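One structure below.
The values are calculated or read from the model by the stated rules, or taken from the named source; none is laboratory data. Quick caveat, the model's predicted, so the values are computed rather than measured. Cβ coordinates were reconstructed from backbone atoms using ideal geometry, including for glycine residues, and neighbour counts include every protein chain displayed. Only protein heavy atoms, including side chains, enter the accessible area calculation; ligands, DNA and RNA are left aside. Shrake-Rupley method; radii C 1.70, N 1.55, O 1.52, S 1.80 Å.
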Amino acid sequence: MRVNFTVNGRKQEADDVWEGESLLYVLRERMGLPGSKNACEQGECGSCTVRLDGVPVCACLVAAGQAEGREVVTVEGLADFAKQREEGCATGACGSGGTSLQAARQWSARPSDRVADSQTGEGQELAPIQQAFIDAGAVQCGFCTPGLLVAADELLERNAEPSDADIREALSGNLCRCTGYEKILDAVRLAAAPQDRQGSGV
């Protein structure tokens, strides 16, 4: 079958997709987007987390056909997605408590007018959560990082000031085999901190 959907702001078409093929397989093998990792293939580790119409899902558990006509954002498109959200909030489209699920579903990643590649994310400015992971030293082998980034970005979208319990709950479906998770929690805390406080080192 043929599947038509939007990935990181670009209309995409996948041909000869068999009925049981996962969205993860299509993204990685047919679209050339290796950011979402293929680990457990059972929805247990969260390494393949993407956003489907604004909602985080394990791409290994979503049949490719279920993405027909829908919007997918992978880690490669996270920076554009975050930038669009920031622009929306600047115009008063979101409240101080975060963004509603309904509002998130209305957004779609837009192809960038810059030289940067919105398909692969190459040359893009980083999303705040991506920069926070670097600044906090939260990346080790990197295999779990794409899923953690997508899940953490969704958390910060709906809850601008998450508690530690909120962060732990939001990331509970994402497993990391390298760390004790503390640096990852630090990164989410850092991304949630007001920009003026980040700049002052508080």
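Among what's in the stretch 122-179 and is assigned to a loop (DSSP other than H, G, I, E, B) and hydroxyl-bearing (Ser, Thr, Tyr), pick the residue that is most open to solvent (accessible area, probe 1.4 Å). Filtering the stretch 122-179 for residues that are assigned to a loop (DSSP other than H, G, I, E, B) and hydroxyl-bearing (Ser, Thr, Tyr), the one most open to solvent (accessible area, probe 1.4 Å) comes out as Ser172. A count restricted to the stretch 5-22 and to residues that are outside any strand (DSSP E or B) and of a type in the set (D, E, K, R) stands at 4. Can you name the residue in the stretch 27-43 that is within 23 Å of Leu175 (Cα to Cα) and of a type in the set (A, V, I, L, M) and is also modelled with the lowest pLDDT among such residues? Per the stated criteria, the residue is Ala39.
Filtered by the rule that a residue be part of a helix (DSSP H, G or I) and open to solvent by less than 10 Å² (accessible area, probe 1.4 Å), the stretch 71-81 gives Gly77, Leu78, Phe81.
Among all residues of the stretch 29-45, there is at least one that is surrounded by fewer than 21 Cβ atoms within 10 Å (Cβ to Cβ), among the polar types (S, T, N, Q) and not in a helix (DSSP H, G or I).
Residue pairs whose Cβ atoms lie under 7 Å apart, sitting 6 or more positions apart in sequence or on different chains, and linking a residue in the stretch 123-151 that is more than 25 Å from Leu61 (Cβ to Cβ) and without any contact (Cβ under 8 Å) to a residue 24 or more places away in the chain to a partner that is open to solvent by 10 Å² or more (accessible area, probe 1.4 Å) and assigned to a loop (DSSP other than H, G, I, E, B), are Gly123/Val115; Gly123/Ala116; Gly123/Asp117. Checking Gln198, Gln119, Gln106 one by one, the residue that is surrounded by fewer than 17 Cβ atoms within 10 Å (Cβ to Cβ), at pLDDT below 55 and touching a Leu at 6+ places or on another chain (Cβ under 8 Å) is Gln198 and no other.
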